[in-house]
Amino acid sequence: MDAAIDLQLFGLSPEPAVYDGLGGRRVDFAGAAALVLDTKADGPLDPFLDMQAMLLEMTKELRERFQRFQSQKVLAEQDAAGAEDEASRKLAQSDAKAAIEAVSLIVRTLEKIDSLQRTLISERSEVEAARGEPEDEAALVAKFDQLVETRVKERLDAAREGWRREAGIGGDAAARMENGP
């Protein structure tokens, strides 16, 4: 059977693609659909927030599984206590043991997640402290304003002293200025 395949159905062009940076966005495809990267699913650009969200989701999932395995352990212990024959009792005990091992693994994983979260938070606070917190910025702005004011007063005093030296200190120069030329 000789079937023709229409490549335009797949968004592909039979001509080779031209890779020339942003110039590739030109309409060179003559009606063929261009392949477009889906960027709607892009998350926040902060890796800290991404990691925090992932760790919180993992914690939630592990807590649910923890509760499930605990209830399985209780049911297996009840089955072992109520077993009529030795094989059923051993099967229930092995189920209880497997549930206990799963619970202990989940607990260790939750402890590691907690440790990671604490590490992330401390590193984040160190980075923010290195960058300068808003309170530090306000203090720096106040200090800068104070230094500018001090420097302006120094220059004004120096200019005033210079003017007094040029005009002569005291009465004669001041009297001449008041009386006019």
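The condition of being touching an Asp or Glu at 6+ places or on another chain (Cβ under 9 Å) and farther than 29 Å from Ala53 by Cβ holds for only one of Ser94, Ser88, that being Ser88. A search for C-beta distances below 6 Å between a residue of the stretch 48-71 that is in contact (Cβ under 8 Å) with a residue 12 or more places away in the chain and any residue that is of a type in the set (Lys, Arg), counting only pairs 6+ apart in sequence or on different chains, returns Phe48/Arg124.
The residue list Leu75, Leu105, Leu110 contains one member that is touching a helix residue (DSSP H, G or I) at 6+ places or on another chain (Cβ under 6 Å), assigned to a helix (DSSP H, G or I), at pLDDT 90 or above and of a type in the set (A, V, I, L, M, F, W, C), which is Leu110.
The residues listed here are Leu140, Leu105, Leu120; of these, the one that is among the hydrophobic types (A, V, I, L, M, F, W, C) and not assigned by TED's automatic domain parsing to the domain that holds Met54 is Leu140. Checked against (1) closer than 30 Å to Phe48 by Cα; (2) at pLDDT 90 or above; (3) of a type in the set (A, V, I, L, M, F, W, C), Ala130 meets all criteria but (2). Of the residues making up the stretch 78-102, those that are in a helix (DSSP H, G or I) and among the charged types (D, E, K, R) are Asp79, Glu86, Arg89, Lys90, Asp95, Lys97, Glu101. Against the condition of a type in the set (Lys, Arg) and at pLDDT below 60, how does Arg25 come out, does it pass? Yes: the conditions hold for Arg25. What residue, of Asp46, Asp50, is modelled with pLDDT under 90, closer than 30 Å to Glu128 by Cβ, charged (D, E, K, R) and surrounded by 12 or more Cβ atoms within 10 Å (Cβ to Cβ)? Asp50 is the lone residue from the list that is modelled with pLDDT under 90, closer than 30 Å to Glu128 by Cβ, charged (D, E, K, R) and surrounded by 12 or more Cβ atoms within 10 Å (Cβ to Cβ). For the stretch 103-118, the criterion of being more than 23 Å from Glu57 (Cα to Cα), without any contact (Cβ under 8 Å) to a residue 40 or more places away in the chain and not acidic (Asp, Glu) is satisfied by no residue at all.
The values are calculated or read from the model by the stated rules, or taken from the named source; none is laboratory data. Everything quoted here is computed from the prediction, not taken from an experiment. Glycine also receives a Cβ, built like all others from the backbone with ideal geometry; neighbour counts cover every protein chain displayed.
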